[in-house]
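A short write-up of the structure that comes next.
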Amino acid sequence: MFLTHLECSACGLRHDWRQLQNLCTGCGKPLFATYDLVAVGKVDCLKQSSFQRRKKSLWKWRELLPLPKDGELISLGEGGTPLLQSEKFGREVNVDLWIKDESINPTQSFKARGMSVAVSMAKYLGAEKLSAPSAGNAGGALAAYAARAGLEAHIFMPRDTPRANIIECREVGAHVTLIDGLITDCGAEIAKRKEKEGWFDLSTLKEPYRIEGKKTLGYEIAEQLDWKLPDVILYPTGGGTGLVGMWKAFDEMEKLGWIDHNRPRMFSVQASGCAPIVRAFEAGEKFAAEFPNAHTVASGLRVPKAIGDFLMLQILRESKGGAIAVNDDEMIQTVREVGSKEGLFVAPEGAACFAALKKLRAIGKIDSGERVVIFNTGSGIKYLDVFEAI
Ligand SMILES: Cc1ncc(COP(=O)(O)O)c(C=O)c1O
Ligand SMILES: [Zn+2]
């Protein structure tokens, strides 16, 4: 294993990976896993080409992930998802469009990636009871991986979370509590009770390993595009683990000499009813204020306040990308448009990126012929209540 320590993303303070850790003990910001990449680079059998020969799976990047050799790998077959070329939608907006289809992961969303790694590490380090607030898909993924690991899962979700997510959590044996409020209220409830209950808190970016699972999105698209990153990435952003994780992967790959220093312009796509990052980006702020009265059918985007806000804003600016909001009607219409053009029943969060692409083309933020990657982070099948209601 090449993991050396955990480092605070804000103040740089080092922490020991051999203990269960949440936020930085110095400043309360997220911790990042740090690896000895020089040592990885020196091992002959760990060249780019050897990773390429391995079977498709998140865990093929094992040496760039945290679990020690004697750790139990909690896996349900996550990662290694297809990068599909969009034929019709891309041609119509005149870009070279690719869709990373994350809906085929276990529990039908990209949340499986983060939970596979985080639950493996939590079990290795002795946690027995796991808890997380969830907008829906993260809860389903945690429930499944905790069951697989033989650990308890305590999941707090807003009462109006899509039914499929709630039922899924219960059916795989999680303890589900529904809260009259938002994901931030769910997080506050966990914070209040976790010490007494003995829960290890797996909230987004409040432990260091979900982001490690999500970063494999970055490794995979680099490999799938022959180690040349696209011009633009559109990513539906709630808590931001995917965005922050991919950026971390790009840094690691550059240090390994796998890619050059060119980076995609990263765009955060949010819902008009909950767009804290868009607001903060436009206002030139370093942190994002809590978004009042958050509402959107894209439950994964209903995150009014994210602890990783400053990291997302830094990435959007450094990459010369941006942030854009899409309203619910546009998302729902776009689900059908993408479905009928590409044969994919995408989640509203994924559809938001397609709608955002049209807008960004219209205002000249993306040029014709540029290579664009869109993340369809989940499956429309989890949102039947949304489609039944129209
Ligand atoms: C389908 C879907 N897309 C996007 C997101 C936002 O993900 P992140 O927290 O990585 O920004 C979520 C989060 O719940 C989700 O379920
Ligand atoms: Zn710190």
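When the helices in the chain are scored as -39500 (n - 2.57) per DSSP H run of 4 or longer and the sum is shared across all residues, what 222 nm value do you end up with, to the nearest 500 deg cm²/dmol? Before the final figure, lay out each step's value.
Numbers: 14 runs with 152 residues, N = 390.
The per-residue figure over the chain is -12000 deg cm²/dmol.
Between N327 and E388, take the C-beta separation as r, use R0 = 22 Å, and let me know the FRET efficiency to the nearest 0.05. Before the final figure, lay out each step's value.
Working: r = 20 Å, r/R0 = 0.90.
The computed FRET efficiency comes out at 0.65.
Does anything in the stretch 96-119 have its amide N under 19 Å from the 7 Å Cα→Cβ label point of L46, and if so which residues?
Within reach of a label on L46, which here means backbone N under 19 Å from a point 7 Å along Cα→Cβ, the stretch 96-119 contributes 117.
Taking the Cα centroid of the stretch 323-381 and of the stretch 78-97, what is the distance between the two, rounded to the nearest whole Å?
Going from one Cα centre to the other spans 11 Å.
Compute the projected area of the convex hull of the Cα atoms of the stretch 266-390, averaged over all viewing directions, and report it in nm² to one decimal place. Let's see the in-between values first.
Details: hull surface 31.6 nm².
Quarter of the Cα hull surface area: 7.9 nm².
Does the chain come out rounded, prolate or oblate by the C-alpha gyration tensor, with a ≥ b ≥ c the root eigenvalues, rounded set by a/c under 1.5 and, if not, prolate when a/b is larger than b/c and oblate if not? Walk me through the numbers before you get to the answer.
On the way: a/c = 1.41, a/b = 1.09, b/c = 1.30.
Rounded, because the longest to shortest axis ratio a/c is under 1.5.
Could you give the distance between the Cα centres of the stretch 234-310 and the stretch 157-220, to the whole Å?
With the stretch 234-310 and the stretch 157-220 each reduced to a Cα centre, they are spaced 19 Å.
Which of K123/K194; K228/K358; K111/K365; K100/K248; K60/K215 have a Cα-Cα distance over 21 Å? Don't skip to the answer; put the middle values down first.
Working: K123/K194 17 Å; K228/K358 24 Å; K111/K365 29 Å; K100/K248 18 Å; K60/K215 13 Å.
From K123/K194; K228/K358; K111/K365; K100/K248; K60/K215, over 21 Å: K228/K358; K111/K365.
As a quick test, which of the pairs K47/K359; K206/K320; K255/K359 have an alpha carbon distance above 29 angstrom in this structure?
Listed pairs above 29 Å: K47/K359; K255/K359.
Apply the Karplus curve 6.51 cos²θ - 1.76 cosθ + 1.60, θ = phi - 60°, to the phi angles in the stretch 261-276 and return the couplings in whole Hz, x for Gly and Pro.
Here the 3J(HN,Hα) series is 8, 5, 10, x, 6, 9, 10, 8, 10, 10, 8, 4, x, 7, 10, x Hz.
Using the Cβ atoms and a cut-off under 14 Å, what net charge is assigned to the surroundings of G126, where Lys and Arg are +1 and Asp and Glu are -1? Don't skip to the end; give the middle numbers.
Values: positive: R18, K123, K129; negative: D16, D70, E72, E128, E152, E207.
Summing Lys/Arg as +1 and Asp/Glu as -1 gives -3.
Per 10 Å bin, what is the whole-percent P(r) computed from every C-alpha pair distance within the stretch 22-85?
For the stretch 22-85, the pair-distance distribution reads 16, 36, 34, 13, 1.
Count charges around E72 for me, please; just the other residues with Cβ under 12 Å from its Cβ, Lys/Arg as +1, Asp/Glu as -1.
Surrounding charge for E72 is +2.
Bear in mind these aren't lab numbers, they're just calculated from the coordinates by the rules spelled out. This structure is a prediction, so every number in the text was calculated from the model and none was measured. Using ideal geometry, Cβ is built from the backbone for each residue, glycine included, and neighbour counts are taken over all protein chains shown.
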